[in-house]
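Structure, as structure tokens:
The values are calculated or read from the model by the stated rules, or taken from the named source; none is laboratory data. Everything numeric here is computed off the predicted structure, so don't read it as measured data. All Cβ positions, glycine included, derive from the backbone under ideal geometry; neighbour counts span all protein chains shown. These accessible areas exclude ligands, DNA and RNA; they are computed on the full protein's heavy atoms, side chains included. Shrake-Rupley method; radii C 1.70, N 1.55, O 1.52, S 1.80 Å.
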Amino acid sequence: MSKRIDAIALAVEKTAECLAMHLESIPVIETFHGQVVWEGVVEAFSLIGHPKAKKAYGWSYQEREETRYVAVLEIPPVDSPVAAVRASIVAQNRPKA
């Protein structure tokens, strides 16, 4: 596995609090009103020992000069890599309380 996938796996394991095994890499392009709002590769992981989720999705991105990691568990309504990206976009754009 690549260093990138290893780092994403660690983020998934930290979020899920269980072991994660890499399954596949899925290219995702998310658009809104005809404009690309997110484009990248989402890594899919099988979760071992999580009480609710069997899978999780993760990816990395650059913010300034720092690499950030996102991990989303496959718990409804998240049921695919695309849904994971959408859930992350919504969460990032939600007003802070």
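Note that the chain presents 68 Å² accessible area per residue, ligands and nucleic acids not counted, probe 1.4 Å.
Protein heavy-atom surface of the chain, 1.4 angstrom probe: 55% of the accessible area is carbon and sulfur, with nucleic acids and ligands not counted. Computed from Cα atoms, the angle from the helix 81-93 axis to the main principal axis of the chain rounds to 60 degrees. Ligands, DNA and RNA excluded, the heavy atoms of residue 21 present near 110 Å² of accessible surface to a 1.4 Å solvent probe.
Would you mind working out the magnitude of the charge dipole of the range 12-97 relative to its Cα centre, with +1 at each Lys and Arg C-beta and -1 at each Asp and Glu C-beta, to the nearest 20 Debye?
The calculated dipole for the range 12-97 is roughly 340 debye.
Could you give the angle, 0 to 90 degrees to the nearest 10, between helix 3-16's Cα long axis and the longest principal axis of the Cα atoms of the chain? Between the helix axis and the principal axis of the chain, the angle is about 80 degrees. Selection among 7, 28, 53 by position relative to the dipole of the chain gives 53 as farthest towards the positive end (Cβ unit charges, Cα centre). Each of the peptides 29-35, 82-88 was scored by the mean count of other Cβ atoms within 10 Å over its residues; in descending order, highest first, they stand as 82-88, 29-35.
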